[in-house]
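**Student:** Right, I'll just put the structure down here and ask away after.
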Amino acid sequence: MTRARALLLAFLLTAATALAHTVQGRDAAFLKGVSGIHIAPFMYLGAKHMVTGYDHLLFLLGVIFFLYRMRDVAVYVTCFAIGHSVTLLAGVLTGIHVNAYIVDALIGLSVIYKAFDNINGFRTLFGFQPNTKAAVLVFGLIHGFGLATKLQEFNLSRDGLVPNIIAFNVGVELGQLLALTLILAVMIAWRRTGGFVRHAVLANVLLMIAGVVLMGYQIAGYVLEPTA
């Protein structure tokens, strides 16, 4: 097993065990009591949330898995960024609320979708190919609601909310850029080996399994969530 392949598989298995990522500890305490404009802390929190957001990163991995040209990577990542920026800002600033379990289950579904698409599942089983850019944009909207639900838990103060949330979104984009750089480095190294072609399908099957685990965990949480 090549080093690049080992790193990729380790990433997938780690993601499958990290069933949920939430804002905790000192970060949660900060959000509960924050008031006024705090640009740098919110940028940090946005970047941290994206870098530790295994569900978001798994989807990004699926998106760029077979993209070889940086221009294509930029186009697809931009579609994803536009999608999650719109719903993150709209969700927090307008108070649009969606059940967090449902949103996170759909995020798990997005991982399954992209991995299934990567192995030509739609053409093979259904005889058609969905518009890949449109799909990434739509799932980006869902991922943005996932980001929004994490902040909505804290009933953030309206004092300084707009610049703070914009800063958080900028941080998300910076975190996404950092994570994407690392993922691409691993992928480029793996593609240079003979094992990439042989094991690309297996990697996407593992990616689908990780998505199923994430989705199942969230559905279970929704079903078992106590009602008031």
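Coordinate-derived values only; no laboratory data. The shown structure was predicted, so the numbers you read here are calculated from the model rather than taken from an experiment. Heads up, the Cβs are rebuilt from the backbone with ideal geometry, glycines too, and the neighbour counts pull from every protein chain shown.
**Student:** Taking the Cα centre of the chain as origin and charging only Cβ (+1 Lys, Arg; -1 Asp, Glu), how large is the dipole, in debye to the nearest 20? Don't jump to the answer; show the numbers that get you there.
**Tutor:** Values: 15 positive and 9 negative charges, 161 e Å.
It works out to roughly 780 debye.
**Student:** Between V201 and N131, take the C-beta separation as r, use R0 = 25 Å, and let me know the FRET efficiency to the nearest 0.05. All intermediate terms of the calculation are to be shown ahead of the outcome.
**Tutor:** Details: r = 23 Å, r/R0 = 0.91.
Efficiency, rounded to the nearest 0.05: 0.65.
**Student:** Between V75 and R191, 0.36 nm times their residue separation minus their Cα-Cα distance comes to what?
**Tutor:** Numbers: separation 116, 0.36 × 116 = 41.76 nm, distance 2.06 nm.
Between V75 and R191, full extension yields an extra 39.7 nm.
**Student:** In whole Å, what three semi-axes, largest first, describe the equivalent ellipsoid of the chain built from its Cα gyration tensor (square root of 5 times each eigenvalue)?
**Tutor:** Working: eigenvalues 188, 73, 55 Å².
With the √(5λ) rule applied to the chain, the semi-axes are 31, 19, 17 Å.
**Student:** Same structure, new question: Add -39500 (n - 2.57) for each DSSP H run of 4 or more in the chain, then divide by its residues: what number comes out at 222 nm, to the nearest 500 deg cm²/dmol?
**Tutor:** On the way: 10 runs with 180 residues, N = 228.
Mean residue ellipticity, 222 nm, calculated: -26500 deg cm²/dmol.
**Student:** What whole-number distance in Å separates the alpha-carbon centres of the range 40-66 and the range 110-169?
**Tutor:** What the calculation gives is 11 Å, centre to centre.
**Student:** Nearest 20 debye, what's the magnitude of the dipole of the range 123-228 about its Cα centre given +1 on Lys and Arg Cβ and -1 on Asp and Glu Cβ? Walk me through the numbers on the way to the answer.
**Tutor:** Values: 7 positive and 4 negative charges, 121 e Å.
Value, rounded to 20: 580 debye.
**Student:** If I stretch the segment between L67 and I96 completely, what's the gain in nm (0.36 nm per residue apart, minus their alpha carbon distance), one decimal? Walk me through the numbers on the way to the answer.
**Tutor:** Details: separation 29, 0.36 × 29 = 10.44 nm, distance 3.41 nm.
7.0 nm is the gain from fully extending L67 to I96.
**Student:** What number comes out for the charge environment of L31, summing +1 per Lys or Arg and -1 per Asp or Glu over other residues with Cβ under 15 Å away? List each step's numbers first, then the result.
**Tutor:** On the way: positive: R26, K32, K48, K150, R158; negative: D27, E153, D159.
Result for the local shell: +2.
**Student:** Where a Cα-Cα gap under 20 Å defines reach, which aspartates and glutamates qualify for K32, not counting those fewer than 8 residues away within the same chain?
**Tutor:** Here the aspartates and glutamates satisfying the reach criterion relative to K32 are E153, D159.
**Student:** Let me ask something else about it. What trypsin sites (Lys or Arg not before Pro) in the range 96-184 are in a loop by DSSP, with at most 12 other Cβ atoms within 10 Å of the Cβ?
**Tutor:** On the way: sites: K114, R123, K133, K150, R158; in loops: R158.
For trypsin sites (Lys or Arg not before Pro) across the range 96-184 that sit outside H, G, I, E and B with at most 12 neighbouring Cβ atoms in 10 Å, the list reads R158.
**Student:** Quick one, could you list the DSSP H helices from the chain stretching 24 Å or more along their long axis (Cα atoms) with average Kyte-Doolittle hydropathy of 0.0 or above?
**Tutor:** Qualifying helices, which must be both long enough and hydrophobic enough, are 70-94, 100-118, 132-152, 161-191, 195-224.
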